[in-house]
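Structure record follows, encoded as structure tokens.
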Amino acid sequence: MEEMRVTNNRFRLDYHLMAKAGWINDPNGFSYFKGYYHMFYQYYPYASEWGPMHWGHARSKDMIHWETLPTALFPDEKDDGCFSGSAVVYDDKLWLIYTGHHYIDEENDLFYEDQNLAYSSDGIHFKKYAGNPVLKTPTDNTKHFRDPKVWQEDDTFYMILGSQGADELGRALLYQSVDLKTWQRVSTLAKAENLKDEGYMWECPDFFRINGQDVLLMSPQGLEARGELYRNLNQTGYLLGHLNRETHELKRGGFEEIDKGHDFYATQTALTPDGRRVMVAWMNAWDSPMYEKEDGWAGALTIPRELIVKDGKLYQLPVTEMLSLRQEKVVQEDSQGNYQLSRATEFSLKATAEGQLFKLSDGEHTLTITKEADKLILERNTKDGQRSAQVSGNVTKLQVFVDASSVEVFVNDGQVTFTERIYWQQAPVLSAQAGSFLEIYRLEENVNQY
């Protein structure tokens, strides 16, 4: 088969990671190895639709400027897809841990899943482990058993896996190993309390500690919409709590959505060499229209975000490396009306009044953020265009990243985020609330190398 080619650059993003063409979804294998950050992603190079999953691959010195590398994993006679997973450095090699997806009857969606290894000495060329699979589906599980996230503590590796128990509720299973090849189950780290509030399957789990708090990040499927909550087809969020070191079970609070926008799913984090916990996500969702499909490509990843725990919540901040994209400060003043933005723009807004804080428009597409008391309302002129979030404080600080087909909004230093794909026909005009303090930066364009 011939790989896809991009036929029109109108929606191609300037500073977000994309594949050179074809389809991508979940970020995988986010890691640091031999001087480079590595990012893998679910990838189908032969169409701009989801297909038999490969692992695409890019590397970067700064998590911003990415160089696309050869495809790392291909499905073969042993698996019908190399589904999501993670990466870990061990024995001077980069090891990929991924889910093998095997169809019994594809037409009726009958399949089974197992966990597998591949490794590389140079971080570019990967070989599948001859002893695969290294972990099969447990007997107290349904067919849903995927998305391993592996990390190392002292001499022990731990793996958290997304799972659906025999009771058809979502859960995260915890395993351990000393060599990545032989795994023992440790516990059910956490599970859904019920179907409508916490879902039937927990995809893409991740587990880490920040400031003494244990965080389970995952994407539960099957949550019922509840007022302003859970408005997307599937959600992404977290459970905050403390791990019982004897039972290896998480004593935790309730599920919290991590992003309030339309286009955010399937997170993965990495620990940077300087100790930051950095997260990326698929900057789409399964119910996103993805108009770029007609141009030979589909899907992108969010900008990297540093996670911190503050006031019992998970906050997100653009990584400091994003500052390297700033080419020119074009505005620094109290807002006085309309501003024509460049194709790649960052702007910051500090507002003290309620009402519409800003509007972005290209004449056809619009996006607004409005404050009503302690609520921020995002509105875009699409079907089901409204999303909202609770905020605190009298001053509203917004940091907004605009790209050729996306907008990412960070509120009050990361207390709330909205992630949106907006298919601008041309660079939008910004209308900011009168009297608010505004800064606008023109950003570097075309940062990816293919």
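The values are calculated or read from the model by the stated rules, or taken from the named source; none is laboratory data. Quick caveat: nothing in here was measured; it's all calculated off a predicted structure. Using ideal geometry, Cβ is built from the backbone for each residue, glycine included, and neighbour counts are taken over all protein chains shown. Ligands, DNA and RNA are excluded from the accessible area calculation, which covers all protein heavy atoms including side chains. Shrake-Rupley method; radii C 1.70, N 1.55, O 1.52, S 1.80 Å.
Before moving on, here are some points about what is shown:
- J(HN,Hα) series, segment 254-261, from Karplus relation 6.51 cos²θ - 1.76 cosθ + 1.60, nearest Hz, glycine and proline x: x, 6, 10, 5, 9, 9, 9, x
- Relative contact order (%) - criterion: Cα under 8 Å, at least six apart; region: segment 326-443: 44
- Computed log10 I(q)/I(0) for segment 172-287 at 0.11, 0.18, 0.23 Å⁻¹: -0.39, -1.00, -1.39, from the Debye equation with unit scatterers placed on every C-alpha and solvent omitted.
- In order along segment 316-328, the phi-based Karplus estimate (6.51 cos²θ - 1.76 cosθ + 1.60, θ = phi - 60°) of 3J(HN,Hα) comes to 10, 10, x, 4, 4, 4, 4, 4, 5, 7, 5, 9, 6 Hz; Gly and Pro are listed as x.
- With protein chains left intact and a 1.4 Å probe, residues in the chain average 40 Å² of accessible area per residue.
- Basic side chains Lys and Arg get +1 at the Cβ, acidic Asp and Glu get -1 at the Cβ, and with that the dipole of the chain about its Cα centre reaches some 760 debye.
- Over segment 293-398, volume per residue of the alpha carbon convex hull, in Å³: 172
- For the chain, the C-alpha radius of gyration sits at 0.95 times the compact-globule guess of 2.2 N^0.38 Å, with N the residue count.
- By the helix-only formula, in which each DSSP H run with n ≥ 4 contributes -39500 (n - 2.57) and the sum is divided by residues, the chain has a 222 nm mean residue ellipticity of 0 deg cm²/dmol.
- When you restrict to C-alpha pairs under 8 Å that are six or more residues apart and normalise by the size of the chain, the relative contact order lands at 15 percent.
- Restricting the trypsin sites (Lys or Arg not before Pro) of segment 322-383 to loop positions (DSSP other than H, G, I, E, B) with no more than 11 neighbouring Cβ atoms within 10 Å leaves Lys383.
- Comparing Ser348, Ser436, Ser335 along the charge dipole axis of segment 326-443, the residue lying farthest to the positive side is Ser348, per the Cβ-charge model.
- Extended-chain gain in nm, criterion 0.36 nm per residue less alpha-carbon gap, Tyr112 and Lys375: 90.3 nm
- Extension gain (nm, one decimal) between Lys78 and Lys251, 0.36 nm per residue minus Cα-Cα: 58.4 nm
- R0 of 22 Å, Cβ-Cβ distance Arg326-Asp62: FRET efficiency to nearest 0.05: 0.95
- Relative contact order of segment 1-108, defined on C-alpha pairs under 8 angstrom at six or more residues apart (%): 21
- Percent accessible area from carbon and sulfur atoms, segment 326-443, protein chains only, probe 1.4 Å: 41
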